[in-house]
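The values are calculated or read from the model by the stated rules, or taken from the named source; none is laboratory data. Please read these numbers as outputs of a predicted model, since none were measured by experiment. Cβ atoms come from the backbone with ideal geometry, glycine included; neighbour counts cover every protein chain shown.
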Amino acid sequence: MSRFTLRLAVLIAVLALVGAPFLLGAFTITLMNYVGIYALVAIGLALLTGVGGLVSFGQAAFVGLAAYSSAWVTALNGGSPWIGLLLGIVITCAVAFILGLITLRLQGHYLSLSTIAWGLAIGFLFGNVEGLGKHNGIASIPPISIGSVSLVESWQIYYLIWAVVCVVLLLVYNLLDSRIGRAMRALRGGNTLVESLGINVFWIKVTCFVFAAFLAALSGWLYAHLSRFISPTPFEPLMGIEYLMMAMVGGAGSPIGGVIGAAIVTLLKNFVQDYLHYIIPSGTGQLEVVAYAGLFIVFLQYARGGVVAWVQQYLPATAIPRPSQATPLARRDKPAAGTPLLKVDQAERRFGGLIAVNKVSFDVNAGEILGLIGPNGAGKSTMFNLLTGALQTNSGSITFAGKDITRTRQSNIAQAGIARTFQHVKLRPKMTLLDNVMLGAYPRTHTGLFSGLFRLNRAEEASARYDALQQLERVGLGDKPFELAGNLPLGNQRILEIARALAADPVLLVLDEPAAGLRRGEKQQLAALLKSLRDNDKLTILLVEHDMEFVMGLVDRLVVMDFGEKLIEGQPEAVREDPRVQEAYLGGTA
Amino acid sequence: MDFDIASILAIDGLASGAIYVLIAIGTVLIFTVTRVVFIPFGDIAAFTALTLAALEMGRLPGTAGLVVVLAGMATLVEVVALLRNGRAHEIPGALLYYLALPLALVGVVWLSEPLYQSSMVLRILFSLILILPIAPLLDRIVYRPIADASVLMLLIVSMALHFALVGLGLLFFGPEGVRTEPMTDAIFEFGSIMITGQAALIMFAAVLFSGLLYLFFDFTLIGKSLRATAVNRSGARLMGIRPERSGTIAYIVGSLMAGVSGILIAPVNTMFYDSGFLLGLRAFVGAIIGGLVSYPGTAIGSLFVGVLESFASFQSSAFKDVIVFSLLIPILIWRSIVSVHTEEHDEE
């Protein structure tokens, strides 16, 4: 699908939305109003749950906070709905921010359970706080007025609701295609990679969470002034799971899926309400719940990907032009060759009684390739994790470019100029090669949330894209930048990790077994690449490797570890001849 | 608040805490064996109470209908799965297991009406017999097809299943609240502290069933196979343990605990078709305090929730649930910090 057809499709959709009130009855328009309102929450959830992997059962509480804020301002205190909107957004975002600060460090299902907890707690508040009408709710909420026009009729507020939905969709798609959006897309699949890219995982999560709450607040405000009456029921956890259902039916991770999901669920619910009593005459309202909870379960069993993913497989892929030349991103100054760059001093790391790294000291000088070798279980990977901040040392110190980084956060170490690859490849398999590499450029770029939302980041984005393409070409993966990373063979995935590390413009490149899984020719190419990085780009490289032939022909110096201790360091030839090394590897060559 | 009030509140809290202990231990059992956070356990407890009440009034309880419907669905799912996998020869066994067995249980209760008119013990027994098939059948219908899904996906499914069960509860039991006959009128006095017989019975049952579960785990082969499945599913499979079977046993044992708690709470609290949610969630808070793995931790956590709830409702009855569920957040933070998290389990 070309960009032209895509735009045409969007134009037709917008025209259809504009024309709908002229063609459809009042009841359908009212239904569509609710679809739009629910869609806003579902779009937020698509971002939070689908993109970021943070499952929230509590969005209904956020909708309720904004709805009650606006109802309190307008119906109880005679204020304008616009003040209500402002108060609703401020309160909802503030609550979300505080809850986010408290709960977003929670791991996996603990986080989701906490959303049930505060979702319930806030839900109970609405029905119990004095002055908010308790369980009777708040009635006679005034309609929204724009200028002198009061949006009383359902077709009037229809235009407001769908205008908001369209603008939100546009902004969210902008966001997903920006620096912050890429970081959000990288959240799924574990924090270690994301932190190693210089991204502060926690703040990205908080941003995502507050933004989803903001969309819920818009929805709550529109809801209060559309239905003109609110009670605690629609903001209880049942509705929270329904929002989640909308996001997942549409296709978690897809903003337009939020709209489609909201439409499907709302229409289905309406259909169930209309026709259920024909099937079971005695059926009461609660039976609807059974029907759509059942449908939801069946859906999760058979089509977890959602409607959008299902449709997409039948649509031709959107052709994206290759990134064109752009102003290069700023590069770091590299330290002069031979000066000490990284200093490990008496580093020690224990796991319970096991000492994985025992008082190891060595230096890495700028402009050299240093190999760290040793038999299995020697503590090499632990050493790597200490250097990059993925693990903390128990004692000893690590200094990088004159700064003590022993207790520095992993993402800050990455920003300081250490880029790494992983022994067990960590990529985002559902993102393209180009996007994976662009993730590496995160610390070199500066676009924030708002520039991303409003597309004020074009110049920087173009530079980052072009830079990423250059890195791909450099490692030999430049021919298919829009392939998904998960489709590459394992050897190429390792190479892709190197391209991603290079995109960070690091001073020190730390590679964990880069040649594993490569064929002989590919190993030679990799060695040539690493040498060229050292000679032409003044890059310093530290690598762990098992392949002795590869290591011996490549490195300037070697450090040998065995049983957590440093055995020896020196030139490759000297190390090869050392009896202690031979004993460690071969178990004694007497 | 003086000592007398505090002691009344404390005993009241311990009694409801003991109820939560029974449900929470079942929740932990299911979670460790199947990775499912089975939120509907509260519903199972509530349904047991409603079943017992119906038997007292001499009616065939809605549970019977529920079991018949679920057995039909489970049989259908199983037969279709067997046909698809070319294992048609196993269909008679499936029919026996998923259809005949649950229907036989319902039939026994239906035919023995004159018996349970006379005896409370029999009524309790029949209530438990009726409630036991529900969770294993739900396991077959709902969870087995997605047994490999992430904990989060299973959690979402559990939430949906809970809402479905509440709806079914209304359909099969109706909207009326029930309270069953008290099991004992005894009152024990220790100085100025009074303990009702019912409260003592609840606490005794909690201790008894926790102890039985301990014996089951440590001294029976089935119990050990359950523990093995909880530690490592694939490892257990290699040792010839079928994880599906372990799951079914876990659901039955868990249902038994939840059922007992429902029977114990029925004379004290008025139970409705939807009472299970808060019951289950409070027990769940207790289970989380135990990290969803530790049985002693779960028991202490559940008792703590009960006591906290009791004191909170004395201070402000409107906000007691707000207090209990707000409490969950600091607990979750603490659990999240102390538990070792492995990234390999994260979904890509």
So residue B:226 ticks every box in (1) away from chain A (no Cβ under 14 Å); (2) in a helix (DSSP H, G or I); (3) without any contact (Cβ under 8 Å) to a residue 60 or more places away in the chain but one. Which box is left unticked? (3)
Within region A:295-322, residues part of a helix (DSSP H, G or I), under 30 Å from residue B:73 (Cβ atoms) and not β-branched (Val, Ile, Thr) come out as A:295, A:296, A:299, A:300, A:301, A:302, A:309, A:310
Of those in region A:177-199 that are in a loop (DSSP other than H, G, I, E, B) and more than 11 Å from the chain's Cα centre (by Cα), the residue farthest from residue A:505 (Cα to Cα) is A:177
Tally up the residues in region A:306-354 that are within 30 Å of residue A:260 (Cα to Cα) and hydroxyl-bearing (Ser, Thr, Tyr), please. 2
Could you pull out every one of the helices (runs of 4 or more DSSP H) wholly within region B:240-348 that has 2 or more residues that are within 13 Å of chain A (Cβ to nearest Cβ)? B:276-289, B:295-315, B:320-338
Does region B:302-323 hold any residues that are small (Gly, Ala, Ser) and under 13 Å from residue B:210 (Cβ atoms), and which are they? B:302
Can you pull out every residue in region B:158-184 that is under 23 Å from residue A:305 (Cβ atoms) and in contact (Cβ under 8 Å) with a residue 24 or more places away in the chain? B:158, B:159, B:161
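Rundown of residues vs (1) touching a Ser or Thr at 6+ places or on another chain (Cβ under 6 Å); (2) within 14 Å of another protein chain (Cβ to nearest Cβ), yes/no style:
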residue	(1), (2)
B:7	no, no
B:11	no, no
B:15	no, no
B:18	no, no
B:29	no, no
B:32	no, yes
B:39	yes, yes
B:46	yes, no
Evaluate region A:265-275: report whether one residue or more is of a type in the set (Asp, Glu), outside the structural domain of residue A:82 (by TED's automatic domain parsing) and at pLDDT below 90. yes
In region A:130-150, how many are surrounded by fewer than 18 Cβ atoms within 10 Å (Cβ to Cβ), under 11 Å from residue A:68 (Cβ atoms) and at pLDDT 80 or above? 0
Looking at (1) among the β-branched types (Val, Ile, Thr); (2) within 14 Å of another protein chain (Cβ to nearest Cβ); (3) surrounded by fewer than 24 Cβ atoms within 10 Å (Cβ to Cβ), which is the one condition that is false for residue A:167? (2)
Can you name the strands (runs of 3 or more DSSP E) wholly within region A:347-402 that have at least 1 residues being among the β-branched types (Val, Ile, Thr) and surrounded by fewer than 18 Cβ atoms within 10 Å (Cβ to Cβ)? A:354-365, A:395-400
Among residues of region A:112-163, those that are out of contact with any His (no Cβ under 8 Å at 6 or more places or on another chain) and more than 8 Å from chain B (Cβ to nearest Cβ), counted: 34
Show me the helices (runs of 4 or more DSSP H) entirely contained within region B:102-148 in which 2 or more residues are more than 14 Å from chain A (Cβ to nearest Cβ) and in contact (Cβ under 8 Å) with a residue 60 or more places away in the chain. B:120-131, B:134-138
Can you say whether residue B:57 is free of Cβ contacts under 8 Å to residues at least 60 places away in the same chain and not aromatic (Phe, Trp, Tyr), as far as the supplied structure shows? yes
Note: among B:21, B:37, just one is touching a residue at least 40 places away in the same chain (Cβ under 8 Å) and not in a helix (DSSP H, G or I), namely B:37
Sole miss for residue A:197 among (1) buried (at least 20 other Cβ atoms within 10 Å of the Cβ); (2) aliphatic (A, V, I, L, M); (3) closer than 20 Å to residue A:71 by Cα; (4) in contact with a strand residue (DSSP E or B) (Cβ under 9 Å, 6 or more places away or on another chain) is condition (3)
Being crowded, with 21+ Cβ neighbours inside 10 Å and part of a loop (DSSP other than H, G, I, E, B), is that true of even one residue in region A:105-127? yes
Examine region B:314-327 for a residue that is at pLDDT 85 or above and closer than 23 Å to residue A:116 by Cα, and state whether such a residue exists. no
Pair list, Cβ under 6 Å, 6 or more apart: region A:76-88 residue more than 16 Å from residue A:216 (Cβ to Cβ) and not assigned by TED's automatic domain parsing to the domain that holds residue A:137, other residue assigned to a helix (DSSP H, G or I) and modelled with pLDDT of 90 or more: none
I'd like the residue in region B:146-172 that is over 25 Å from residue A:111 (Cα atoms) and of a type outside the set (A, V, I, L, M) and, out of all such residues, is surrounded by the fewest Cβ atoms within 10 Å (Cβ to Cβ). B:172
Do we find that residue A:212 is of a type in the set (A, V, I, L, M), closer than 30 Å to residue A:30 by Cβ and at pLDDT 90 or above in this structure? yes
